[in-house]
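Below is one structure, written out as structure tokens; the observations come after it.
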Amino acid sequence: QMHLFVRKNKEDKISKEFYYLGQIQTIGEPIEDIMDNTTASVVKIQYQLETPVREDLYKFFVNEE
């Protein structure tokens, strides 16, 4: 089982609050790639939440305020 926790603002040095969004699962196959502007290799993996994020919560997370 994998669970997704997110932070609204990683630059927030005071609260550092994380929000639990639920369980996730992988979609498709991992893809090997090279990071932009480097020679470092990475593996990209896509995930999907089992329960979609409510629209009001999505707006809260993407809002810059």
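The values are calculated or read from the model by the stated rules, or taken from the named source; none is laboratory data. Computed from a predicted model, the values in this text were never measured in an experiment. Cβ atoms come from the backbone with ideal geometry, glycine included; neighbour counts cover every protein chain shown. These area figures cover heavy atoms from the full protein model, side chains too; ligands, DNA and RNA do not enter into them. Shrake-Rupley method; radii C 1.70, N 1.55, O 1.52, S 1.80 Å.
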message: If I stretch the segment between residue 62 and residue 25 completely, what's the gain in nm (0.36 nm per residue apart, minus their alpha carbon distance), one decimal?
response: 11.1 nm
message: Output wanted: per-residue J couplings in Hz (rounded whole) for segment 46-59, from phi through Karplus 6.51 cos²θ - 1.76 cosθ + 1.60, θ = phi - 60°, x for Gly and Pro.
response: 9, 10, 9, 5, 5, 10, x, 6, 4, 4, 5, 5, 4, 4
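With +1 on each Lys and Arg Cβ and -1 on each Asp and Glu Cβ, how big is the dipole of the chain about its Cα centre, in debye rounded to the nearest 20? Provide the component values of the computation, followed by the final result.
Values: 8 positive and 12 negative charges, 52 e Å.
Using Cβ point charges on Lys, Arg, Asp and Glu, the chain gives about 240 debye.
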message: Could you compute how much accessible surface residue 55 exposes when probed at 1.4 Å, giving the result in Å² to the nearest 10?
response: 130 Å²
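Calculate the FRET efficiency for residue 42 and residue 4 from the Cβ-Cβ distance with a Förster distance of 30 Å, rounded to the nearest 0.05.
Values: r = 19 Å, r/R0 = 0.64.
Calculated transfer efficiency: 0.95.
Over all distinct alpha-carbon pairs, what is the Kirkwood Rh of the chain in angstrom?
Values: mean 1/r = 0.0700 Å⁻¹.
Every distinct Cα pair counted, the radius reaches 14.3 Å.
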Residue 54 accessible area, 1.4 Å probe, all protein chains in place, Å² to nearest 10: 140 Å²
message: For the chain, what does the relative contact order come out to in percent, with C-alpha contacts under 8 Å and a separation of six or more?
response: 28 percent
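Percent of accessible area on the chain owned by carbon and sulfur, 1.4 Å probe?
Working: 3130 of 6040 Å².
Here it works out to 52 percent.
Using the heavy atoms of the protein chains and a 1.4 angstrom probe, tell me the accessible area per residue for the chain in square angstrom. Each step should come with its number before you reach the end.
Working: 6040 Å² over 65 residues.
Averaged over the residues of the chain, the accessible area is 93 Å².
Using a 1.4 angstrom probe on the protein heavy atoms only, could you order 45, 31, 24, 14 from most to least accessible area? Before the final figure, lay out each step's value.
Values: 45 75, 31 100, 24 25, 14 160 Å².
Putting 45, 31, 24, 14 in descending order of accessible area: 14, 31, 45, 24.
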- request: Pick out, from 24, 34, 6, the residue whose Cα sits farthest towards the positive end of the charge dipole of segment 1-41, with +1 on the Cβ of Lys and Arg and -1 on the Cβ of Asp and Glu.
  value: 6
